[in-house]
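Heads up, the thing below is written out as structure tokens.
Just so you know, all these numbers are worked out from the coordinates, no wet-lab data involved. Quantities reported herein were computed from a predicted structural model and do not represent experimental measurements. For neighbour counting, all protein chains shown are included, and Cβ atoms are generated from backbone atoms with ideal geometry for every residue, glycine included.
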Amino acid sequence: MGGLYLSPDGPFALGLWAMIALFVLQHLLPWDTALERRVAWAPDAVEIVLYAGVGAVLVLAALARGISDSGVPVGVIAVFASVLLARALFELGILYGGADAKALMVAGLLVPLFPHPLWTPTANAGTLLTIYPFAHSLLMDAALFSLVVPVALLVKNLRAGDFVFPRAFTGFMIDVEELPDRFVWLKDPTFERVLGEDEEEPETSEDDRRLRERQRDELRSRGVRRVWVTPQIPFLVLLTAGAVGAVLAGNVIFDILALL
């Protein structure tokens, strides 16, 4: 049931695996760009049809064949659930970048279920892992590990004597001259950007660096010497930590709740 599914039982299940794999992979292809140039609303309509169609096929197949390795494999359902979760979080703005959502989808496809982590989970947690999508465990572990960030920032601010509640949990202070060389977002002074009317939001790291250079110059002209910043931590870093935690201990939150 766990690990990477390469040999499902029977042609029917194999067809479902092929369908769900193509469904995931289409998110990685820029097919919508050319279509959007012709008809602006067409990509959204096509995706709604794709999502609804795949969901309908799985429901009808489960009713006709049941949920089993030769019918509708649990892993296929887990992959679809992972895609739905990633897409929902992206649309809600919880996953800011499309790359984060796509990474979660691909992780769900590569490892649909992982019921036997390297460290033996509690009995209740182990039972849940046999049906719980690996990508969901990965995300929950990533969210848990993200709590390390505010704790680390608090310790840093306490050691530097810069404790101010509540910002000490979300950022730290640096000299204005350091702005261009640090991967951070400016939070105080309150303006967050120095852009001309004809300029767009930075899309690359070099664009972001040039923005911080302009912010530094503006702050220097105002006589500001130190600023509050928030670290730019790619969510993929947290997802990687969550993946390691899921492989080693399964769903850490489930493990903790099972011990209570």
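Cβ-Cβ contacts under 9 Å between residues 6 or more apart (or on different chains), taken from a first residue in region 55-73 that is more than 19 Å from PHE23 (Cα to Cα) and touching a residue at least 60 places away in the same chain (Cβ under 8 Å) to a second residue that is assigned to a helix (DSSP H, G or I) and aliphatic (A, V, I, L, M), are listed as ASP69/ALA13; SER70/ALA13.
Going residue by residue through region 83-94, is there one that turns out to be more than 27 Å from TRP31 (Cα to Cα) and either in contact (Cβ under 8 Å) with a residue 12 or more places away in the chain or in contact with a Ser or Thr (Cβ under 8 Å, 6 or more places away or on another chain) (or both)? Spell out the reasoning first.
Here is the first cut: in region 83-94, the residues more than 27 Å from TRP31 (Cα to Cα) are none.
No - not one qualifying residue is present in region 83-94.
Within region 126-163, how many residues are within 26 Å of ARG226 (Cβ to Cβ) and not hydrophobic (A, V, I, L, M, F, W, C)? Residues flagged as within 26 Å of ARG226 (Cβ to Cβ) and not hydrophobic (A, V, I, L, M, F, W, C) within region 126-163 amount to 6. Look at region 203-226: where a residue is of a type in the set (Gly, Ala, Ser), no partner that is surrounded by 15 or more Cβ atoms within 10 Å (Cβ to Cβ) sits 6+ places away or on another chain with Cβ atoms under 9 Å.
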